[in-house]
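Okay, so here's the structure we're looking at.
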Amino acid sequence: MEDPLHFYAEVRVVASPDRPELEGAVGAIVGISEPPNPDTAPSFGVMLDGFDVVRVFSEEQIAPTGRDRQESDYY
């Protein structure tokens, strides 16, 4: 089964303690960290619709919508 949190997967922010106004926002994953320790979970860079910067979230802070976007939507 494919990981639902992959490049260009559309996600919704479900938790953002430091920026609560971002909860409910939708965007796409444009970056995934590669932690040096396999016990460390990756972080996800998400380009949120309506924002011009990438925000970083943990896996627990975002939920996949089940839709994918295209690389050409961003680059």
Among (1) under 13 Å from the mean Cα position of the chain (by Cα); (2) loosely packed, with under 10 Cβ neighbours inside 10 Å - the single one Glu34 does not satisfy: (1)
Which members of segment 15-31 meet the condition of being more than 15 Å from Gly50 (Cβ to Cβ), loosely packed, with under 14 Cβ neighbours inside 10 Å and in contact with a strand residue (DSSP E or B) (Cβ under 6 Å, 6 or more places away or on another chain)? Gly31
Just give me the residues in segment 22-75 being assigned to a helix (DSSP H, G or I), at pLDDT 95 or above and among the charged types (D, E, K, R), in sequence order. Glu59, Glu60
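The values are calculated or read from the model by the stated rules, or taken from the named source; none is laboratory data. If you're wondering where the values come from, they're calculated on a predicted model, not measured in any experiment. So basically every Cβ, Gly included, is an ideal-geometry build from the backbone, and we count neighbours across all protein chains shown.
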